[in-house]
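A short write-up of the structure that comes next.
Every read-out reported here was derived from the displayed coordinates using simple, explicitly stated rules and does not represent laboratory data. As the structure is a computational prediction, the values presented were derived from the model and not from experiment. Note: ideal-geometry Cβ built from the backbone for every residue, glycine included; neighbour counts use all protein chains shown.
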Amino acid sequence: MSMRIGYGFDSHAFKPGVPLVIGGLAIEHPEGLAGHSDGDVLLHAITDALLGAVSAGDIGTFFPPSDPRWKGAASHIFLQTALEEVATAGYRIVNIDTVLVMARPKIVPIAGELRERVADLLGVKPGEVGIKAKTPEGLNQDHVAVAHATVLLESVKLSDPPAQLVATADVDDEIDEVVKGLVGESRDISALGRKRPAFDTDDLT
Ligand code: MG
């Protein structure tokens, strides 16, 4: 089984008059986050961590800010694309850990709800998601929301090999029996110029 890690970072400035959405959760607050999309700093960091883990570029690769289609877009659309990239590469999430850095609003009172929402969007259990919050002490960044995210992925096991390979294996077994009957030992198929198909369930990327 192979494993991969990914890391993502994002920041958005607070802006009056727009709704605050973090981790896909609408949060009661006088200011929201400025951005081309809904400014969901946490989902952007997670999206980048997922894409980075499978070497699929970053959020800007798929959703350039210059594209008017993503103006005001809900960021779970970006996350969904990253999850599809992870699945296509043959991986699944083991766990994810995040840090939010912002002066206000306080995250601790909503951390449980936030964790459940993010887990739901990722299709994992809440126990596989970490949400931690810090205030930007000494950074002079009280007007900014920052998010960091790390993700661990593992390769998806294929329990059943493709039918064609099963058939090949059956034929090989039959030939083995015939050869054993004739010469009293197993044959070396490579010596006969035949190769078993290369198939490594741990490397599907
Ligand atoms: Mg962003």
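General observations
- Descending semi-axes in Å of the range 84-130, equivalent ellipsoid built from Cα gyration tensor: 25, 11, 8
- For the range 1-156: relative contact order, % (alpha-carbon pairs under 8 angstrom, 6 or more apart): 34
- Here the Karplus curve 6.51 cos²θ - 1.76 cosθ + 1.60, taken at θ = phi - 60°, turns the phi angles of the range 41-52 into couplings of 4, 6, 5, 5, 5, 5, 4, 5, 4, 5, 5, x Hz, with x standing for Gly and Pro.
- If the segment from Ala87 to Glu137 were pulled out straight at 0.36 nm per residue, it would be longer than the present Cα-Cα gap by 14.2 nm.
- The order of Arg4, Arg117, Arg69, Arg92, going from fewest to most other C-beta atoms within 10 Å of their C-beta, is Arg69, Arg92, Arg4, Arg117.
- Cβ-Cβ distance of Ser66 and Met1, R₀ of 30 Å, FRET efficiency by 1/(1 + (r/R0)^6): the value works out to about 0.15.
- In terms of surrounding Cβ atoms within a 10 Å radius of their Cβ, Leu121, Leu50 rank from fewest to most as Leu121, Leu50.
- Potential lengthening of the chain between Ala103 and Ser55 amounts to 14.0 nm, from the contour at 0.36 nm per residue minus the alpha-carbon distance.
- Distance between modelled label sites at Ala74 and Ala26, nm, 7 Å Cα→Cβ extension: 1.0
- Legend: ranking of residues Val129, Val94 from fewest to most surrounding C-beta atoms inside 10 Å; resulting order Val94, Val129.
- Here is the tail figure for the range 3-183: Cα pairs spaced more than 29 Å apart come to 32 percent of all pairs.
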